[in-house]
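S.K.: Quick one: the structure is below, and I'll ask about it shortly.
The values are calculated or read from the model by the stated rules, or taken from the named source; none is laboratory data. What you see is a predicted model; the values in this text were computed from it and never measured. Because the Cβ atoms are built from the backbone with ideal geometry, glycine has one as well, and the counts that use them run over all protein chains shown. Ligands, DNA and RNA are excluded from the accessible area calculation, which covers all protein heavy atoms including side chains. Shrake-Rupley method; radii C 1.70, N 1.55, O 1.52, S 1.80 Å.
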Amino acid sequence: MIFPTFTQWKQIFKVLKGGEKITLLVFFVLAISSLLFLTVNSYLAATKTVPTFKGIYIEGVVGQPRFINPLYGETNDIDRSIIELVFSGLMTYDTEGNIVPDLVDSYDISDDGKTYTFELKESVFWHDGKPLTSDDVLFTIKTIQNADYKSPLRANWIGVEAQKLSDTSFNLILKQPYNSFLENCTLKIIPQHIWQNVSPENATLSLQNLQPVGSGPFSLDDLLQNKTGFIQTLTLRSNRRYHGKPSLIAGITFAFFENMDNVIAAANARRINGFAVASFDKTNADIKKIIRQGFSKNEQFTEYHFSLPRYFAVFFNNQKPNILSDANIRKALVQGANKQALIEKIITEVDTEATAVDSPILPDFFGYQEPSKGHEFNTENAKALLDASGFVDKGNGVREKVVTKKPAFQFKNYLKVGSKGTEVTQLQGCLARLPNLSGSNTTIFSDILKNETNGVYGKLTEQAVDLFQKEYLSNLKPTGEVGTSTRQKLNELCTTSPSTTEPLKFTLVTVNQPQLVKTANLLKNDWQALGVEVDIQAVSVGEIKPIIKNRNYDALLYGETLGMEPDLYPFWYSSQKQDPGLNLSAYENKDVDTLLKNARQTLDPVKKAGDLEKIQNTILNDAPALFLYNPDYVYWASAKTSGIDTKKIADPAKRFVNVTNWFISTKRVWR
């Protein structure tokens, strides 16, 4: 077979007719397209997409950082978030909330549960290049334990002995076994060589609080302030010597704003890549209405939901002398709240996922047994409990109780001739005012005592008491002395017990945040239907702190976070009724106290679960609180940001637990 030469091929369009030319051109285009398709398809089959180290992730935040320092940053969400990125702990969390090693290569727990032996990873360095050793760990713990530094973490480390074994190993020795101690060991470690010369008095004033040197996956790169001192941005760069997997994102910038409106505006202008829906003036529903989703992936945001070990509840103050110290009233308020309807409205109006909470141990979250018996929504039972407490609806929809107060004075002592004092004076005055019962018009008692009203029990007083006994206690032999029966009759005739009307009313305090205010108003409506008057006091986060510290509330709508290794001791043990304890209901039950101690000390997880389940049943029976719901933590991130696959987090800062897996840019490599 002889193929045409190139010169002959050039003449082909001269010999072909019009239709033949079109047909040939079509076949030529199809051939080229097929070749390109096969080439691209072969390339795609032979390669894969992988993340590449590139890009800056920018998060918008409302507020300002103050202490990027593990000693003090625990009380501020912004500080905690940055600390999570800059510092490392002995232990950390995985995406399911399990506690796993971080700085630690291995650890061992003694049989008695009191001694924890840790071995640090080799070649761990601070951001300034100096090695991290056991000395840094011991220095961090002893600094926290030093009361002069006033660290909010001190309570977690009181009584813990830190013992160095080598530059990379050490013991932490407890006085009593504590099965949640590994969670305490998520504590971030600070560098001794930087902080050892800073005195306790100057620790909170040190520039190092905003110029941190840590060992985490990111290090401080830049901090930008405006002329007024407002921190506008704080930029972190990837730590390429990180002891774990180095990040795929080259840097993270926190952009700080004065309010959530400015955060949303920055998101809509694509100046930030992510933000959290936290305790601000915007709900997730509000944000969905105003966020602008673009058409391309780079212009869209993805909504992430993280589950936390927390719940919101109404804590009834059992310590403050008010109507809520009555168990029947507390149970009535619990049974009179339509929790399911409330949660459905919160989910709909606030647009966030939330699960009902019926127990202080979060059985769904931790896998414990549900309570054996709870308080179902039942308005008739609730009304009956209020009736039993003496608060009656007079027909106007408001419940009131007649309260008889104790008289200002009562006869309490045995009196006879020779007695002196206030009680004798009161006795003489009382008898002088009494009429006789014999039918005579003469006021015999006053006649007898007209010359003996000096507070001395003489013969005339004895004569008057004798007559009183004949007239008012005719079934008893008169003695002229004031004994038990005579005192009882005198108190009945001579003392008055003033009575007042007490309305069924209390104040519910909460944080001025949309979700909580909405919840408070829904509860108010339910309780008003029972005849209970409720005043809502919504205050700022700053204002709520002293209120909680002083337990200055009737009832408090607030949230509590348990941690990933649940320990209910700080929340329900009787010794935790006062600040800094977290027993917000001022609850006290000796059986629960015993179970709480056992639950935190046992090394048997099955026994711990059993104790916690007994605790939940006792607490629910006593009704010191109305447990409501557990809302998800909502986080918005640019759709171009991938790798965010965390499910459970211990607190909002732990949204960054797998930040080294986040990525913005990709490339193709050969398989």
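S.K.: Name the single residue, out of those in the stretch 487-526 being outside any helix (DSSP H, G or I) and aliphatic (A, V, I, L, M), that is nearest to Leu467 (Cα to Cα).
M.R.: Leu504
S.K.: Taking the stretch 631-640 on its own, how many of its residues are buried (at least 18 other Cβ atoms within 10 Å of the Cβ) and either within 21 Å of the chain's Cα centre (by Cα) or outside any strand (DSSP E or B) (or both)?
M.R.: Taking the stretch 631-640 first, the residues buried (at least 18 other Cβ atoms within 10 Å of the Cβ) are 631, 633-638, 640.
Add one more test, that the residue is either within 21 Å of the chain's Cα centre (by Cα) or outside any strand (DSSP E or B) (or both), and what stays is 631, 633-635, 640.
Qualifying residue count for the region: 5.
S.K.: Can I ask one more? So Arg292 clears everything in (1) surrounded by fewer than 22 Cβ atoms within 10 Å (Cβ to Cβ); (2) farther than 30 Å from Thr666 by Cα except one condition, right? Which one?
M.R.: (2)
S.K.: Turning to a different aspect of this structure: Would you point out which residue out of Leu603, Leu582, Leu612, Leu628 is within 27 Å of Thr95 (Cα to Cα), surrounded by fewer than 21 Cβ atoms within 10 Å (Cβ to Cβ), outside the structural domain of Glu84 (by the TED database) and hydrophobic (A, V, I, L, M, F, W, C)? Don't jump to the end; show me each part of the working.
M.R.: Numbers: Leu582 fails: within 27 Å of Thr95 (Cα to Cα); Leu612 fails: surrounded by fewer than 21 Cβ atoms within 10 Å (Cβ to Cβ); Leu628 fails: surrounded by fewer than 21 Cβ atoms within 10 Å (Cβ to Cβ).
After applying the criteria, what remains is Leu603.
S.K.: Now for a separate question. Quick one: which residue in Val350, Val334 is among the aliphatic types (A, V, I, L, M) and in contact with a Ser or Thr (Cβ under 7 Å, 6 or more places away or on another chain)? Spell out how you get there, then give the answer.
M.R.: On the way: Val334 fails: in contact with a Ser or Thr (Cβ under 7 Å, 6 or more places away or on another chain).
After ruling out the rest, the residue left standing is Val350.
S.K.: All but one of (1) surrounded by 13 or more Cβ atoms within 10 Å (Cβ to Cβ); (2) out of contact with any Leu (no Cβ under 6 Å at 6 or more places or on another chain) hold for Glu471; which doesn't?
M.R.: Only one criterion is unmet by Glu471, namely (2).
S.K.: Looking at Ile290, Ile272, which one is aliphatic (A, V, I, L, M) and free of Cβ contacts under 8 Å to residues at least 60 places away in the same chain?
M.R.: Working: Ile272 fails: free of Cβ contacts under 8 Å to residues at least 60 places away in the same chain.
Checking each option against the conditions leaves just Ile290.
S.K.: A further question on this structure: Looking at Gly581, Gly610, Gly559, Gly563, which is the one that is in a helix (DSSP H, G or I), within 28 Å of Asn318 (Cβ to Cβ) and small (Gly, Ala, Ser)? Break it down stepwise before answering.
M.R.: Values: Gly581 fails: in a helix (DSSP H, G or I); Gly559 fails: in a helix (DSSP H, G or I); Gly563 fails: in a helix (DSSP H, G or I).
That would be Gly610, the only listed residue that is in a helix (DSSP H, G or I), within 28 Å of Asn318 (Cβ to Cβ) and small (Gly, Ala, Ser).
S.K.: Among the residues of the stretch 139-154, are any aromatic (Phe, Trp, Tyr) and over 26 Å from Gln211 (Cα atoms)?
M.R.: Checked the stretch 139-154: no residue is aromatic (Phe, Trp, Tyr) and over 26 Å from Gln211 (Cα atoms).
S.K.: Tally up the residues in the stretch 112-128 that are at pLDDT 95 or above and open to solvent by 30 Å² or more (accessible area, probe 1.4 Å), please. Before the answer, list the steps.
M.R.: Our first condition is that a residue be at pLDDT 95 or above; within the stretch 112-128, this holds for 112-121, 124-128.
If we keep only those that are open to solvent by 30 Å² or more (accessible area, probe 1.4 Å) as well, we get 112, 114-115, 117, 119, 121, 125, 127-128.
Counting residues in the stretch 112-128 that are at pLDDT 95 or above and open to solvent by 30 Å² or more (accessible area, probe 1.4 Å) gives 9.
S.K.: Can you name the residue in the stretch 155-193 that is over 19 Å from Tyr107 (Cβ atoms) and surrounded by 18 or more Cβ atoms within 10 Å (Cβ to Cβ) and is also nearest to the chain's Cα centre (by Cα) among such residues?
M.R.: Ile190
S.K.: Does the stretch 405-419 contain at least one residue that is in contact (Cβ under 8 Å) with a residue 60 or more places away in the chain, surrounded by 14 or more Cβ atoms within 10 Å (Cβ to Cβ), within 22 Å of Ile619 (Cβ to Cβ) and not acidic (Asp, Glu)?
M.R.: No, there is no match, as no residue in the stretch 405-419 is in contact (Cβ under 8 Å) with a residue 60 or more places away in the chain, surrounded by 14 or more Cβ atoms within 10 Å (Cβ to Cβ), within 22 Å of Ile619 (Cβ to Cβ) and not acidic (Asp, Glu).
S.K.: Looking at the stretch 381-483, what helices (runs of 4 or more DSSP H) fall wholly within it and have at least 3 residues that are farther than 26 Å from Pro498 by Cα and of a type in the set (S, T, N, Q)?
M.R.: Details: elements: 422-433, 444-449, 459-472.
In the stretch 381-483, 459-472 are the helices (runs of 4 or more DSSP H) which contain 3 or more residues that are farther than 26 Å from Pro498 by Cα and of a type in the set (S, T, N, Q).
S.K.: Tell me yes or no: at least one residue of the stretch 300-309 is aromatic (Phe, Trp, Tyr), in contact with a strand residue (DSSP E or B) (Cβ under 8 Å, 6 or more places away or on another chain), open to solvent by 10 Å² or more (accessible area, probe 1.4 Å) and under 30 Å from Lys647 (Cβ atoms).
M.R.: Looking only at the stretch 300-309, we keep the residues that are aromatic (Phe, Trp, Tyr), and these are 301, 304, 306.
In the following step, the residues that additionally are in contact with a strand residue (DSSP E or B) (Cβ under 8 Å, 6 or more places away or on another chain) were identified as 301, 304, 306.
The next check asks that each one be open to solvent by 10 Å² or more (accessible area, probe 1.4 Å); those that pass are 301, 304.
Then drop every residue that is not under 30 Å from Lys647 (Cβ atoms), which leaves 301, 304.
Checking the stretch 300-309: at least one residue is aromatic (Phe, Trp, Tyr), in contact with a strand residue (DSSP E or B) (Cβ under 8 Å, 6 or more places away or on another chain), open to solvent by 10 Å² or more (accessible area, probe 1.4 Å) and under 30 Å from Lys647 (Cβ atoms).
S.K.: Only one of these is open to solvent by less than 60 Å² (accessible area, probe 1.4 Å) and charged (D, E, K, R): Asp105, Asp94. Name it.
M.R.: Numbers: Asp105 fails: open to solvent by less than 60 Å² (accessible area, probe 1.4 Å).
When all the criteria are applied, what remains is Asp94.
S.K.: So Glu376 fits all but one of (1) outside any helix (DSSP H, G or I); (2) acidic (Asp, Glu); (3) farther than 23 Å from Glu613 by Cα; what number is the exception?
M.R.: Of the numbered conditions (1) outside any helix (DSSP H, G or I); (2) acidic (Asp, Glu); (3) farther than 23 Å from Glu613 by Cα, the odd one out for Glu376 is (3).
S.K.: Then there's this: From (1) closer than 25 Å to Ile78 by Cα; (2) open to solvent by less than 20 Å² (accessible area, probe 1.4 Å); (3) out of contact with any helix residue (DSSP H, G or I) (no Cβ under 7 Å at 6 or more places or on another chain), pick out the condition that doesn't hold for Leu205.
M.R.: The failed condition is (2).
S.K.: Another question, if that's okay. Being farther than 19 Å from Tyr93 by Cβ and of a type in the set (S, T, N, Q) is the filter here; which residues of the stretch 633-671 pass it?
M.R.: Within the stretch 633-671, Ser638, Thr641, Ser642, Ser665, Thr666 meet the criteria.
S.K.: Right, here's the next one. Of all strands (runs of 3 or more DSSP E) completely enclosed by the stretch 211-282, which ones contain at least 2 residues that are open to solvent by 50 Å² or more (accessible area, probe 1.4 Å) and farther than 18 Å from Ser665 by Cα?
M.R.: Working: elements: 218-225, 231-238, 251-257, 274-277.
Counting at least 2 such residues, we get 218-225.
S.K.: Restricting to the stretch 62-87, give me the number of residues that are in a loop (DSSP other than H, G, I, E, B), out of contact with any Pro (no Cβ under 8 Å at 6 or more places or on another chain) and open to solvent by less than 20 Å² (accessible area, probe 1.4 Å).
M.R.: Going residue by residue through the stretch 62-87, those that are in a loop (DSSP other than H, G, I, E, B) are 63-72, 76, 87.
Checking the rest, the ones that are also out of contact with any Pro (no Cβ under 8 Å at 6 or more places or on another chain) come to 63-67, 70-71.
Checking the rest, the ones that are also open to solvent by less than 20 Å² (accessible area, probe 1.4 Å) come to 65, 70-71.
Qualifying residue count, the stretch 62-87: 3.
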